[in-house]
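Trainee: Just passing along the structure, written as structure tokens.
The values are calculated or read from the model by the stated rules, or taken from the named source; none is laboratory data. Keep in mind that what you see is a predicted model, and the values were worked out from it rather than measured. For neighbour counting, all protein chains shown are included, and Cβ atoms are generated from backbone atoms with ideal geometry for every residue, glycine included. Calculation scope for accessible area: heavy atoms of the full protein, side chains included, ligands and nucleic acids excluded. Shrake-Rupley method; radii C 1.70, N 1.55, O 1.52, S 1.80 Å.
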Amino acid sequence: MTQMLSRRSFLKLSSTAAAVAGLSSIPGTLGAMEEAKKQYKGNTKFTPSICEMCTSSCTIEARVEDGKGMFIRGNPADKSRGGKVCARGSSGFNQLYDPQRLVKPIMRVGERGEGKWKEVSWDEAYTFIAKKLEDIKQKYGAHTVAFTARSGWNKTWFHNLAQAYGSHNLFGHEATCPLAYDLAMDDVFEGGVSRDFAKAKYIINPSHNVFEGIVISYARQYMDALAHGAKVISLDPRFSTMAAKATEWHPIKPGHDLPFVLAFINVLINENLYNKKFVEKYCEGFEELKASVAEYTPEKMAVECDIPADTIKRMAREFAKAAPKAIFDFCHRVTLTPQELELRRAIMMCNVLVGAIEQEGGYYLNKGAAFYNKYLGENDPKAPVLKKPKTPAYPKVEVPRIDRIGEKDSEFFLCKKGNGIVTLVPHAALNELPGVGYKLHGWFIARNNPVMTQSNTENVIKALKAMDLVVVFDIQVSDTAWFADIVLPDTTYLERDEEFTASGSKNPSYGVGRQKVVEPIGECRPGWRVAKELAEKMGLGAYFPYKDIEDYRLQQVGDNLDLLAKLKATGSASFGVPLLLQDKKSVAEFVKKFPSAASKVNEEGTIDLPHKIKLFSPELETVSKKGALHYEPYKYKEADELYFINGKSAVRTNGHNGNNAWLNNLLDDAAVWIHPKTAERLGIKNGDKIEVYNKYATQKGKALVTKGVREDTVFAYFGFGHISKDLKRAYGKGVNSNSLYSPLVSPNSGMNLHVVGVKVKKA
């Protein structure tokens, strides 16, 4: 989009985008201070960095244009993304001079949610927070303060601060989005796995809409697969962009993906379509799996998922025939059911059964440095392992976390402590949870917006109002910040440097994090600095043993200054060659690069998997009697209600960038999709104002009458209907879908439920 503009038009739009939205009335924001006329001060040469307009973390390059605007493009060195950037990424500079942007600390002076604030200095803010935290610590214990941070670099800083303070209740955002498949990976594979979409010949996609949720590398791989003749099956209650590009679309009943998958496995096993050799050599628990799915025949499950039995059988046969170049996509969201963990485990087992593991066009194990280095000889150069600065031991906490992770009988034992079950935080603020013995009294929230991203908005707001202290660190007065005591201004991703990161795909890779393109505006500060300065105010400075982010980076790489220079210059780096353990050609290339690895190669010219794949979970069986797969019917709605589901838009990211002027020009309203027959029955026409309601909330919106959704289902995009009055005034259109959802926290996975019954009427 950006590249189609003339230079003159681009600069004009860049410098005036913020003004389009209108000014803010909140102290400490750019709109209130009328500072939006300042020029950009920063690099005029392209600087490699990472986008933060969503959580996909795409590589970018950015530069200042004549001090009046900024140009953002994809990093041309990134082959997986092809040097591309989406609409959200190209519009990121709008954050810099957004009138709603917070650039000074503010403190609440009225009641929570009343919207009365005053500007304060950073020292006043730190002093206030430090005193409140000490008061809570003395009265209830430091563990009664929860620290949540959106996945990414802020976790490093604020989770360190939390543990130094004495709280083990630290969380990411994962339980509101990708946690279930992370847990399933750890249970089935004992580590992360990825999908080789581009080389696949057959892909089954349950509601993973990569063309609207947008992960650029996934979208490109899907298009490559389709271009080379792959068959893509979309299982989705609505006709999404993914469904439109797929070979077949099957409008599955919302919340009923698991019955389909169980029937699919039933066919693979009972028709002997599975890879017996692979299963015998690399799997354990096959007999338990076989017994557990015996009753879930296609005929029986067709009634549940609303896909014909013959169609299920056909897909299973085609999938097995295409293996190992076959992928049953474990997906990013699906529809979030009460059995999310069972669903994701079952999907992954489909790929395992046909042996589509560690081969082109299937699943592969993520290979970080520690994994990769195990296959190298003593004299081979090793993939770098990034280090962390040494800190004192954290204070020991004697009581359980609110999610009881770390306890022997915790139902969430698969979850990493840094992720946690954040969906329990509102519940723990309002009641003592079983086996915990205390309530939460404080909530420190860094770049996370639970009022918009957690189910049942009213429950979240009640929890915020019940807290003794709420601190929010963000770039704006978000819907959650509206109920805070102190709101601290973060830098945008274009204004800060971050630590280096290490990850693994088919081989280890490294990233620069983010690099500063422009100087910070106003008094905003990056997360590393805020956490360090607040810790020092609290007498905890020893836990932050680095002068600044550059010092931190130097400690990360140790004496590997070549890696330091490469990451700063190019933004990313990889090590070695791609390795697929069950692919002979890949193994041969690996041995060619590292000859001493030949000792790891077996008689078949492949490398054995490092451990058994679990088709039955003894640990889950011990904790919750769910080691095998099973289906528990759930009543999502009453007979006179419709299913309500939501999904992501290509130009909006959850509740994160809803006030971006360019993106709002593309989509400023979350109209409610409703089938023509359903609309006719309810007396609703396209464009009518409607109410969507249930026992949890009532939301007003606009009807979009379309055949692209099931007759028993209505759909709306997520991230609309702001609660924050400052955002709502300019960007309040559309249904706030999460307000309509149940506060249920799913067993074992901790996920919220994203299918619910609603009624619809003309407003």
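Trainee: Can you confirm whether residue 680 is without any contact (Cβ under 8 Å) to a residue 12 or more places away in the chain, more than 27 Å from the chain's Cα centre (by Cα) and closer than 30 Å to residue 278 by Cβ?
Mentor: Judged against the criteria, residue 680 is not a match.
Trainee: Now a separate question. Being modelled with pLDDT of 95 or more and open to solvent by less than 50 Å² (accessible area, probe 1.4 Å) narrows it down to one residue among 394, 372; which is it?
Mentor: None of the others qualify; the one that does is 372.
Trainee: Residue 565 versus (1) loosely packed, with under 14 Cβ neighbours inside 10 Å; (2) out of contact with any Lys or Arg (no Cβ under 6 Å at 6 or more places or on another chain); (3) in contact (Cβ under 8 Å) with a residue 12 or more places away in the chain: which is the lone unmet condition?
Mentor: (3)
Trainee: I'm told residue 483 meets every condition in (1) touching a Phe, Trp or Tyr at 6+ places or on another chain (Cβ under 9 Å); (2) at pLDDT 95 or above except one. Can you identify the failing condition by its number?
Mentor: (1)
Trainee: If the requirement is being farther than 30 Å from residue 488 by Cα and open to solvent by 10 Å² or more (accessible area, probe 1.4 Å), which of these qualifies: 246, 225, 200, 180?
Mentor: 246 is the lone residue from the list that is farther than 30 Å from residue 488 by Cα and open to solvent by 10 Å² or more (accessible area, probe 1.4 Å).
Trainee: Let me spell it out: the conditions are (1) of a type in the set (Asp, Glu); (2) surrounded by fewer than 17 Cβ atoms within 10 Å (Cβ to Cβ); (3) closer than 22 Å to residue 182 by Cβ, and residue 380 meets all of them except one. Which number is the exception?
Mentor: (3) is the only condition that residue 380 fails.
Trainee: Now a separate question. Within the set of pairs 6+ apart or on separate chains, which have a first residue in the range 413-437 that is farther than 19 Å from residue 464 by Cβ and in contact (Cβ under 8 Å) with a residue 40 or more places away in the chain, a second that is of a type in the set (S, T, N, Q) and exposed (fewer than 15 other Cβ atoms within 10 Å of the Cβ), and C-beta atoms under 8 Å apart?
Mentor: Nothing qualifies.
Trainee: Are there any strands (runs of 3 or more DSSP E) wholly within the range 59-129 with 2 or more residues that are more than 18 Å from residue 216 (Cβ to Cβ) and open to solvent by less than 20 Å² (accessible area, probe 1.4 Å), and if so which?
Mentor: Ranges flagged: 59-65, 69-74.
Trainee: Could you list, in sequence order, the residues of the range 441-495 that are among the charged types (D, E, K, R), closer than 30 Å to residue 47 by Cβ and over 21 Å from the mean Cα position of the chain (by Cα)?
Mentor: Hit for the range 441-495 is 495, nothing else.
Trainee: Okay, moving on. Among 756, 735, which is at pLDDT 95 or above and surrounded by 24 or more Cβ atoms within 10 Å (Cβ to Cβ)?
Mentor: Step by step, each of 756, 735 is checked, and only 756 is at pLDDT 95 or above and surrounded by 24 or more Cβ atoms within 10 Å (Cβ to Cβ).
Trainee: Turning to a different aspect of this structure: Please pick out the residue among 421, 461 that is among the hydrophobic types (A, V, I, L, M, F, W, C) and buried (at least 24 other Cβ atoms within 10 Å of the Cβ).
Mentor: Selected residue: 421, the only one of 421, 461 that is among the hydrophobic types (A, V, I, L, M, F, W, C) and buried (at least 24 other Cβ atoms within 10 Å of the Cβ).
Trainee: Would you be able to tell me the number of residues in the range 599-619 that are touching a helix residue (DSSP H, G or I) at 6+ places or on another chain (Cβ under 7 Å) and either modelled with pLDDT under 95 or open to solvent by less than 50 Å² (accessible area, probe 1.4 Å) (or both)?
Mentor: Residues that pass the stated criteria total 10.
Trainee: Tell me which residues, restricted to the range 669-681, are at pLDDT 95 or above and touching a strand residue (DSSP E or B) at 6+ places or on another chain (Cβ under 6 Å).
Mentor: 672, 673, 674, 675, 676, 679
Trainee: Restricting attention to the range 316-333, which residues are in contact with a His (Cβ under 9 Å, 6 or more places away or on another chain) and closer than 13 Å to residue 204 by Cβ?
Mentor: 329, 330, 331
Trainee: Could you run through the range 298-334 and say how many residues are of a type in the set (Val, Ile, Thr) and either open to solvent by less than 20 Å² (accessible area, probe 1.4 Å) or over 29 Å from residue 178 (Cα atoms) (or both)?
Mentor: 4
Trainee: Hey, another quick one. Within the range 549-560, is there a residue that is in a helix (DSSP H, G or I) and touching a helix residue (DSSP H, G or I) at 6+ places or on another chain (Cβ under 6 Å)?
Mentor: Yes.
Trainee: Is the range 424-440 home to any residue that is under 29 Å from residue 338 (Cβ atoms), modelled with pLDDT of 95 or more, buried (at least 23 other Cβ atoms within 10 Å of the Cβ) and within 19 Å of the chain's Cα centre (by Cα)?
Mentor: Checked the range 424-440: at least one residue is under 29 Å from residue 338 (Cβ atoms), modelled with pLDDT of 95 or more, buried (at least 23 other Cβ atoms within 10 Å of the Cβ) and within 19 Å of the chain's Cα centre (by Cα).
Trainee: Could you check the range 575-589 and list, in sequence order, the residues that are among the β-branched types (Val, Ile, Thr) and either touching a residue at least 24 places away in the same chain (Cβ under 8 Å) or outside any helix (DSSP H, G or I) (or both)?
Mentor: 577
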